[in-house]
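Read through the structure below, which is laid out as structure tokens, and then see the notes.
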Amino acid sequence: MRKTIINQAGENTPSSDLDFLDLEHLAQVEFTSECLEHPVESALVLTADSVSGWQAAIAGEQIIRVVFDQPRTIEHIVLMFEERQQSRTQEFVLLWLMDNEDAYHEILRQQYHFSPPNTTCEIEHYEVRLNQLKALELRIIPEINGGDACATLKQLRLA
């Protein structure tokens, strides 16, 4: 019998040859809140000290919006969420705004259940074709059943 263990966390891991955008120089970020110890750039900018990611300062639904200086074409969206403290079911929605339009369009909506210590990390890699992208919006509902959970985002990368 030939056997191979499938690493579920690695299935959505993006290829290392993707050329991720330098969001720090190509866009501005708008957000609803951030914890001082976990600022939003920790999730958006790839640096040695960006391992902590972003965390909201308050509980409830949060928005992170990346607004590009010039419209871009995006083909890959990589998201990583991590929750090591509490069991919760999170929902997130990705939306995009095309240049010269006023209304956002939904890309996807997804729920994920964190159950520490075993299920603590969600990695998503979406292949898309977003032409003339002006803004990408991520809405996070950290606990769909309510409660005092604060939204977190370990990583957001675009290519």
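The values are calculated or read from the model by the stated rules, or taken from the named source; none is laboratory data. Predicted model only: the values in this text are computed from it and were never measured. All Cβ positions, even for glycine, are placed from backbone atoms using ideal geometry, and neighbour counts span all protein chains on display. Each accessible area value is taken on the protein alone, full model and side chains, heavy atoms only, with ligands, DNA and RNA left out. Shrake-Rupley method; radii C 1.70, N 1.55, O 1.52, S 1.80 Å.
Quick check, is Val29 open to solvent by 30 Å² or more (accessible area, probe 1.4 Å) and among the β-branched types (Val, Ile, Thr)? Judged against the criteria, Val29 is a match. Counting only strands (runs of 3 or more DSSP E) that sit wholly inside the range 96-159, not one has at least 3 residues that are within 14 Å of Ile64 (Cβ to Cβ) and either without any contact (Cβ under 8 Å) to a residue 12 or more places away in the chain or among the aromatic types (Phe, Trp, Tyr) (or both). The lone criterion from (1) modelled with pLDDT under 95; (2) open to solvent by less than 100 Å² (accessible area, probe 1.4 Å) left unmet by Lys3 is number (2).
Within this structure, Phe92 fails the test of being assigned to a strand (DSSP E or B), more than 13 Å from the chain's Cα centre (by Cα) and not β-branched (Val, Ile, Thr).
Could you check Val45 against (1) open to solvent by 60 Å² or more (accessible area, probe 1.4 Å); (2) modelled with pLDDT under 95; (3) closer than 21 Å to Leu18 by Cβ and say which number it fails? If we test Val45 against (1) open to solvent by 60 Å² or more (accessible area, probe 1.4 Å); (2) modelled with pLDDT under 95; (3) closer than 21 Å to Leu18 by Cβ, just (1) comes out false.
The set of residues in the range 59-95 that are touching a Pro at 6+ places or on another chain (Cβ under 9 Å) and either in contact (Cβ under 8 Å) with a residue 60 or more places away in the chain or of a type in the set (Lys, Arg) (or both) comprises Ala59, Gly60, Glu61, Gln62, His76, Val78, Glu83, Arg84, Gln86, Arg88, Gln90. Exactly one residue among Glu137, Glu122 is within 11 Å of the chain's Cα centre (by Cα), charged (D, E, K, R) and over 30 Å from Asn100 (Cα atoms), and that residue is Glu122.
For the range 98-119, the condition of being among the polar types (S, T, N, Q), at pLDDT below 95, under 20 Å from Glu24 (Cα atoms) and surrounded by fewer than 19 Cβ atoms within 10 Å (Cβ to Cβ) holds for none of the residues.
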